[in-house]
Amino acid sequence: MTATTFGSDGARAEQARARRARGGQARAPRERLRRKSFGRRHALTILGFLLPAIVFVCWFTYFPMLQGAHMAFRDWNLWDLTSTPWVGLANFATILSDPVFPVVAGNTAVWVVGSIVPQLVIGFLVALALWRRFRLRGLYQALVFYPWAVSGFLVGMLFRWMFNAEFGVVNDLLMKAGAIEAPLPWLAEPGLAMVAVIMANVWYGVTFFAIMILAALQSVPDEVLEAAAIDGAGTVRRLFSIVIPYIWTTLALTVLLRVIWTFNSPEIIYAMTGGGPAGRTHIITTWMIQYTQQGSYGLASAIGLAVMAVLFVFCAFYLMAMRRVNER
């Protein structure tokens, strides 16, 4: 009796397992179909939310970029849009053969180097000063970082008034200090005009370097500096042997990023001198704006395409440097 009951119970258990297995096999396709449909609905929902942003970026960024690249290979003049023939590389040849091009290229190099080096040095010194703990440190940081929130065009307009030859504050201070005897025509003299626009850009860009370098300095371990001080290393030795090597990657990335921005920022020069006097403060981007104002959109687009090519090279270096930093 017991054996018979045990055998029947085992048979019923086997049948139950078989039914569960068949039910699981039957449910498996439905579960896969349900997961598949859920994944498709989820993807369509995400696409629906992203679609307005994608359309906005493509319409206002990539479409004008492609249109400008197309115009660079045509004789596109605003005053005669009835005929825009394909000219190939003629616009680029016109730019390179223009006698103004060497002057503009030299001005661009002076503009970038003359702006970046003082910005790096002064920004580093400001960051070192703000790295120490003192009263009202937060207030000083806010005052130092404030210029970065101001528009570059507005900065150019302010410095244009400051360097005015007749009633500018710069000439007034220099005369009161006895440095000059007569007002200097800062924005009318070619050499002085370039110095003036570079000084304005240095004032504007020091803040960026100070922000980035201060953030890097705050990551330097205090234990390492204290150990070096106990071993007898002075302030200068600690600076060049510990601090600078520790933040070297941040310094290099900051300089590279600022070079890209300075190369492609015409607003200060445009607001102060408009590229004058006699084109002596023109850089590549202000030169492009001049062609745009003249209606020569084909030549301006060719310059813009050349600027994009140069910036792509700098961006490639920046991305490679960032990849090395992430790998570390």
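The values are calculated or read from the model by the stated rules, or taken from the named source; none is laboratory data. These numbers were taken from a predicted model, which means no experiment stands behind them. Glycine gets a Cβ as well: all are built from the backbone with ideal geometry, and neighbour counts include every protein chain shown. Quick note on the areas: whole protein, heavy atoms, side chains included, nothing else; ligands and nucleic acids left out. Shrake-Rupley method; radii C 1.70, N 1.55, O 1.52, S 1.80 Å.
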Test for LEU214: is it assigned by TED's automatic domain parsing to the domain that holds VAL113, part of a helix (DSSP H, G or I) and open to solvent by less than 30 Å² (accessible area, probe 1.4 Å): yes
Residue list for region 132-159, filter: over 25 Å from the mean Cα position of the chain (by Cα) and not small (Gly, Ala, Ser): ARG132, ARG133, PHE134, ARG135, LEU136, ARG137, LEU139, TYR140
Enumeration of residues in region 163-211 that are in contact (Cβ under 8 Å) with a residue 24 or more places away in the chain, over 23 Å from GLY279 (Cβ atoms) and open to solvent by 50 Å² or more (accessible area, probe 1.4 Å): TRP203, ILE211
Yes/no for GLY106 being assigned to a helix (DSSP H, G or I) and more than 16 Å from VAL202 (Cβ to Cβ): yes
Scope region 116-140; condition of a type outside the set (Phe, Trp, Tyr) and in contact (Cβ under 8 Å) with a residue 24 or more places away in the chain; matching residues: ILE116, PRO118, GLN119, LEU120, ILE122, GLY123, VAL126, ALA127, LEU128, LEU130
Tally of residues being surrounded by 13 or more Cβ atoms within 10 Å (Cβ to Cβ) and either assigned to a loop (DSSP other than H, G, I, E, B) or of a type in the set (Phe, Trp, Tyr) (or both) across region 217-229: 1
Test for GLY232: is it assigned by TED's automatic domain parsing to the domain that holds ILE260, open to solvent by 60 Å² or more (accessible area, probe 1.4 Å) and either assigned to a helix (DSSP H, G or I) or over 30 Å from PHE163 (Cα atoms) (or both): yes
Helices (runs of 4 or more DSSP H) enclosed by region 241-328 - at least 3 residues per element that are touching a helix residue (DSSP H, G or I) at 6+ places or on another chain (Cβ under 8 Å) and surrounded by fewer than 17 Cβ atoms within 10 Å (Cβ to Cβ): 248-263, 297-327
Filtered residue count, region 93-115, keeping only those that are open to solvent by less than 50 Å² (accessible area, probe 1.4 Å), touching a residue at least 12 places away in the same chain (Cβ under 8 Å) and either over 20 Å from PRO266 (Cα atoms) or basic (Lys, Arg) (or both): 0
Candidate set: region 71-92, residues that are small (Gly, Ala, Ser) and over 15 Å from GLY295 (Cα atoms); chosen: the one least open to solvent (accessible area, probe 1.4 Å): GLY88
